[in-house]
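Visitor: Here's a structure for you.
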Amino acid sequence: MSRRLRVPPLTLAQAFASAAGAIPMVVGAARMPASEFAAFSVLVLVVIMAVGGVRAALLQPALIHQRVAVGALVRARYAWTAFASALLVLVPAAWLLTMMPVAEAAVAGTAGAMPVLYEWARYRSIGSSRRWLVAGADGLRAVLTLITLVPLIPAVTSSFMLVIGVSTAVPAIVILTLCPRPSTFAPYRAYRAAAGWQAIDFAIGQFIVSVPLIVLAGVGADRLIAGARLAQTLLGPLNLAFSAASTNIIADGATDSAHARAAAVISRGWRASWQLVTLATAVVGGLVLFVWASGFSLRGVDHDFLLWGLIFVGSATVLSGWAGIHGIVLRVLGHQSSVTAVRVGIAAITTAGFLIGFAVGGGEASLAAGFIANGVSAPLLFVPVALAHYRRDIRER
């Protein structure tokens, strides 16, 4: 199958996945009281952190490793270990954030951990060149999300977490049933060093973006947090575009002989970065204009805080997302430590923004300053490092 035919399935899959993730957030914002929605949105953030951690420390480095070890996929026992680790985080988080009964928190946490197994199934299918199967499974997930949300009368966190669990467990089973069982696997030691760098990168990224949201939720910044989290949901099309571009670059770099040369991967990265920054600017500008002109609001999120959330989150998304594509290209080309070093610099600048903002104006000012610092620092640090490596890679390879 040609490269041109292999790109659309993953882009389509990201569209379905983004829709499936956005539906519970939007419905929750419309039906839940502000305090309940704030707790639910933070718990979903913990789910996203768990899935992202497994992707960074296991699945993505394994897929990149296929660039030199064709067909070597991730063993099931690694995925079950990751699932158990996610449970240890999500069950206590469900209990602490919502104060629901322990048994209910256990069910909610287990449901929230199911996307970990689903992501493993997706990456197995991608690594096996079954990309249309991934697109179909993500479409099924979106449909199941809609179907399981319909009978939910009580708009409470536990019921919405069950939607997440059911809508990911079923398509995971579908993928594993239809995707042929791999004959070769990659031992973790083969990509352990790369996984370590990516895990550090992810941990730093969460520390500077997600952890402040959780911490500031405890100091009374609920209104802007709710606005920021809904803004992140409304910007789902951008997330899917950036994620699809990243996944396509990684997958093609690992499985497509046309991307064996460094120059081809670099050219692909530059093209994607400019296309995405243009799209992101248009989407963010359009949403801000719509919310400002229409007075749009939901039960769980006031209009003014949604507008400011879109401005802060949107500006950071445009800048950091554009620069982040170069981080993906650098990882595919093997420059793991450089990407993580840049992330440390971004973390330092962003943390300073959060702290200065909090000292000046409290929790909401902290959130605003942190997002702005994150967005501005990403291109200032990422692009020069990428340019330096690109020149050497093109000359040497």
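Visitor: Over the Cα atoms of the chain, what is the Rg over Rh ratio if Rh follows Kirkwood? Show your work: numbers first, answer last.
Guide: Values: Rg = 20.2 Å, Rh = 21.3 Å.
Here the Rg-to-Rh quotient is 0.95.
Visitor: So what is the 222 nm mean residue ellipticity for the chain from helices alone, if each DSSP H run of at least 4 adds -39500 (n - 2.57) and you divide by all residues, rounding to the nearest 500 deg cm²/dmol? Kindly include the intermediate steps, with their values, before the conclusion.
Guide: Working: 13 runs with 329 residues, N = 397.
About -29500 deg cm²/dmol.
Visitor: Hydropathy at least 0.5 by Kyte-Doolittle, axial extent at least 15 angstrom from the Cα trace: which helices of the chain, defined as entire DSSP H runs, fit? Provide the component values of the computation, followed by the final result.
Guide: Working: long enough: 3-31 (44 Å, 0.66); 34-54 (30 Å, 2.20); 76-98 (32 Å, 1.37); 102-127 (38 Å, 0.45); 131-149 (27 Å, 1.14); 157-178 (33 Å, 1.98); 192-217 (35 Å, 1.37); 222-234 (18 Å, 0.32); 236-255 (27 Å, 0.63); 262-294 (47 Å, 1.22); 303-332 (41 Å, 1.27); 336-396 (51 Å, 0.85).
Result, helices passing both filters: 3-31, 34-54, 76-98, 131-149, 157-178, 192-217, 236-255, 262-294, 303-332, 336-396.
Visitor: Could the peptides 179-185, 15-21, 227-233 be put in order, highest first, of the mean number of other beta-carbon atoms found within 10 Å of their residues? Show your work: numbers first, answer last.
Guide: On the way: 179-185: 12.4, 15-21: 22.7, 227-233: 25.9.
By packing density, highest mean first, the sequence is 227-233, 15-21, 179-185.
Visitor: Now for a different question. Quick one: Kirkwood hydrodynamic radius for region 194-397, alpha-carbon pairs, angstrom, one decimal? Don't skip to the answer; put the middle values down first.
Guide: Details: mean 1/r = 0.0565 Å⁻¹.
Here the Kirkwood hydrodynamic radius works out to 17.7 Å.
Visitor: So, one more: Over the Cα atoms of region 301-397, what radius of gyration and what Dmax do you get, in Å?
Guide: 15.9, 55
Laboratory data are not the source of any read-out in this text; all were calculated from the coordinates shown. Note that the structure is predicted; figures quoted are calculated from it, not measured. Cβ sites come from the backbone with ideal geometry, for glycine too, and all protein chains shown count toward neighbours.
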